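The values are calculated or read from the model by the stated rules, or taken from the named source; none is laboratory data. These figures come from a predicted structure and were not determined experimentally. FYI the Cβ positions are ideal-geometry reconstructions off the backbone, even for glycines, and counts take in every protein chain you see.
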Amino acid sequence: MRSNGRGRGGKGNRRRDGGRRHARAANDPDRLGRRISAEAKTSDGVKRSSQSQETRRLLEGIGTPRAQTFQPDPFQLEALEALEFEDVLVTAPTGSGKTWIAREEVRRLLAAGRRAWYTTPLKALTNSKYQEFGDEFGAEQVGILTGDRKENTDAPLIVGTTEIYRNQLFDSLRGGSEVNADLVVLDEAHYLADEDRGHVWEEAIILTPPRIRLLLLSATIGNAHEFATWIEEIRGVRCGVVTRAGARPVPLRAAFLFPDKRLVPLAASAGTLNPEIAAVGERQVGERQKEKGKRKRWM
């Protein structure tokens, strides 16, 4: 009996000790990383480290930023000041804070009992901005208009797709009425150059009454001054250009997640596609070709 008891107790002790080791590993990032690296396998069965030097460099510095008081950039303040007197085209890298300019101008207008439109080219982005502005200004102050969503359409701030705003301009022309807005924000204004949809932005700019201020936001307009000159010519209102030079403040990091949950950089150090990812693509192409060959033999 004592022998059986010791046997059971030994197993229980081993289980408890194993649980303690697992807890210690979970609280030790280096130890946990070594454990994951030892267990990670690619689809071809070859063991590789999931904590490679390239991956560590890819993830370096990612985390919650240190809390600090917000200070507007000079280009943001310049744009707000210019909006008092003219249309404004803002070109700045993604992540620079272009939306902040629109939000603060909308805040000023709502406080004065005035109205605004915020347009985007995508339904998903429109829904996101609707949620963002609803949280910022209150749900009763914000409405949304897309092809399949209409809510609180009498609100002083309407968030909608550019096509819907353009259609409202056409409706106002037919009915002899005016669009009830004091500011229109055209987010992603570079869509004017889109081969299929660019005419929507062109028509929206042409048809917007000169009394309504335009705020155009984009990260990718290369000929901003030429674009602004065209806007001035067709609207008869000066269009200022506000630019933030330099790289995007939030750099992009491209990576590939394997089925075994390993994260590897998309590009190798030489700037080419990571050879490990390329090998997976080549295998998949080969497998598809084999499958096509099998189907042909059976036809």
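The table for this structure:
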{"item": "Close pairs (7 angstrom Cβ cut-off, 6 or more residues apart or separate chains): in contact (Cβ under 8 Å) with a residue 40 or more places away in the chain and closer than 20 Å to Thr99 by Cβ in the stretch 129-153, among the aromatic types (Phe, Trp, Tyr) and surrounded by 14 or more Cβ atoms within 10 Å (Cβ to Cβ) anywhere", "result": "Lys129/Tyr118"}
{"item": "Which listed residue, of Leu214, Leu252, is in a strand (DSSP E or B) and of a type outside the set (Gly, Ala, Ser)", "result": "Leu214"}
{"item": "Qualifying position, being over 30 Å from His190 (Cα atoms), modelled with pLDDT of 70 or more and part of a loop (DSSP other than H, G, I, E, B), among Pro65, Pro93, Pro72", "result": "Pro65"}
{"item": "Residue satisfying condition, being outside the structural domain of Tyr118 (by TED's automatic domain parsing) and outside any loop (DSSP other than H, G, I, E, B), within set Val264, Val200", "result": "Val264"}
{"item": "Residue count, the stretch 172-189 (criterion: out of contact with any Leu (no Cβ under 9 Å at 6 or more places or on another chain) and either farther than 25 Å from Glu140 by Cβ or not assigned by TED's automatic domain parsing to the domain that holds Leu80 (or both))", "result": "3"}
